[in-house]
Amino acid sequence: MLSDQADKQLDLGILFPPQVEVAVRRGAAAGELYPEEAALCGRFAPKRLREFAMGRLAARQVLARMGIEHFPLLKRPDETALWPEGITGSITHTDGICLVAAARAPIAALGIDAEIVSHVTAELWQQIFTQREAALLHRLSARQRQRHAAAIFSAKEAFYKCQYVLTGEWLEFEDIEVAVTEENEAFLRFAVRPQRTLTLQQHFAPLWHGRAAFPAEDLVVTGVVLSRTL
């Protein structure tokens, strides 16, 4: 589990352009929700309720920085968050921590995802990676292999969230391929290429980019942004 000290040191500014606001939250109580948000919880199990509350409170922090106060973050029919008009956002949870990112135009959509690096084990590779991705991973040292595997998995999750905002299209892991294009100890850049024709290609050229950061031990966080100016 991530330590509280690690949470305090999370620096995710490297993931997104400056106009994207990011908040990190650990811990929340249902009593802190707006009544309209609490009404959405229904029969949530305790873990799901904590995650939901963390997400809403982190979103509240982000929106406040953007000048929007007292905005209950409700849900669309597909269960995604109903952000204020003109704002796009994304929420992720892992291991008791929640991260939220949001922005205004010209950013059309964004996705954020967090994963525990050690949880992306080799037993999962066949479900997650294309043959080419797996072959490239096998060429790496053990440490690099673990980092890249977790980052690629997280990148696919972040990209899925990002494109879904614009298209509503469900994707399988094999529908996209992620390649690391630059790396240092703190972060890496990656490219996303479609492996079939995606609805997103009607709006954006079929090569997308993102970043992954390793802001705490055993944690990877990825971000993908699509801008109307690109």
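The values are calculated or read from the model by the stated rules, or taken from the named source; none is laboratory data. Keep in mind the model is a prediction, meaning the values are calculated, not measured. Glycine gets a Cβ as well: all are built from the backbone with ideal geometry, and neighbour counts include every protein chain shown.
So, in region 180-216, exactly how many residues are closer than 21 Å to ALA135 by Cβ, aliphatic (A, V, I, L, M) and surrounded by 15 or more Cβ atoms within 10 Å (Cβ to Cβ)?
The initial filter retains those residues of region 180-216 that are closer than 21 Å to ALA135 by Cβ, namely 180-183, 188-196, 207, 212.
Right, trim to aliphatic (A, V, I, L, M) and you get 180, 188, 191-192, 207, 212.
Still in the list and also surrounded by 15 or more Cβ atoms within 10 Å (Cβ to Cβ): 180, 188, 191-192, 212.
Of the residues in region 180-216, 5 are closer than 21 Å to ALA135 by Cβ, aliphatic (A, V, I, L, M) and surrounded by 15 or more Cβ atoms within 10 Å (Cβ to Cβ).
Listed by first and then second residue, the pairs linking a residue in region 29-42 that is within 16 Å of ALA81 (Cα to Cα) to a residue that is surrounded by fewer than 11 Cβ atoms within 10 Å (Cβ to Cβ), with Cβ atoms under 6 Å apart and 6 or more places separating them unless they lie on different chains, form an empty list. Can you find a residue in region 188-204 that is over 26 Å from ASP78 (Cβ atoms), small (Gly, Ala, Ser) and touching a helix residue (DSSP H, G or I) at 6+ places or on another chain (Cβ under 7 Å)? For region 188-204, residues over 26 Å from ASP78 (Cβ atoms), small (Gly, Ala, Ser) and touching a helix residue (DSSP H, G or I) at 6+ places or on another chain (Cβ under 7 Å): absent. When ALA179, ALA191, ALA158 are screened for being touching a residue at least 24 places away in the same chain (Cβ under 8 Å), touching a Leu at 6+ places or on another chain (Cβ under 8 Å) and of a type outside the set (Ser, Thr, Tyr), only ALA179 passes.
Quick one: which of VAL192, VAL225 is in contact with an Asp or Glu (Cβ under 8 Å, 6 or more places away or on another chain), among the β-branched types (Val, Ile, Thr) and outside any loop (DSSP other than H, G, I, E, B)? If you could, list the steps in order and put the result at the bottom.
Values: VAL225 fails: in contact with an Asp or Glu (Cβ under 8 Å, 6 or more places away or on another chain).
Step by step, each of VAL192, VAL225 is checked, and only VAL192 is in contact with an Asp or Glu (Cβ under 8 Å, 6 or more places away or on another chain), among the β-branched types (Val, Ile, Thr) and outside any loop (DSSP other than H, G, I, E, B).
Annotation note: Cβ proximity below 8 Å between a residue of region 209-228 that is within 13 Å of LYS161 (Cα to Cα) and a residue that is of a type in the set (Phe, Trp, Tyr) and part of a loop (DSSP other than H, G, I, E, B) (sequence gap 6+ or interchain) occurs for GLY223/PHE16; VAL225/PHE16; LEU226/PHE204. I need every pair where a residue in region 109-125 that is surrounded by fewer than 22 Cβ atoms within 10 Å (Cβ to Cβ) has its Cβ under 9 Å from the Cβ of a residue that is among the polar types (S, T, N, Q) and not in a helix (DSSP H, G or I), sequence separation at least 6 or different chains. Sorted first by the residue in region 109-125, then by its partner, the pairs are ILE116/THR94; HIS119/THR94.
Just one residue in the set ILE97, ILE87, ILE91 is surrounded by 15 or more Cβ atoms within 10 Å (Cβ to Cβ), over 28 Å from THR167 (Cβ atoms) and not assigned by TED's automatic domain parsing to the domain that holds GLY210; that residue is ILE97. Residues in region 62-71 include none that are closer than 30 Å to ILE152 by Cβ, in the same structural domain as ALA30 (by TED's automatic domain parsing), touching a residue at least 12 places away in the same chain (Cβ under 8 Å) and surrounded by fewer than 18 Cβ atoms within 10 Å (Cβ to Cβ).
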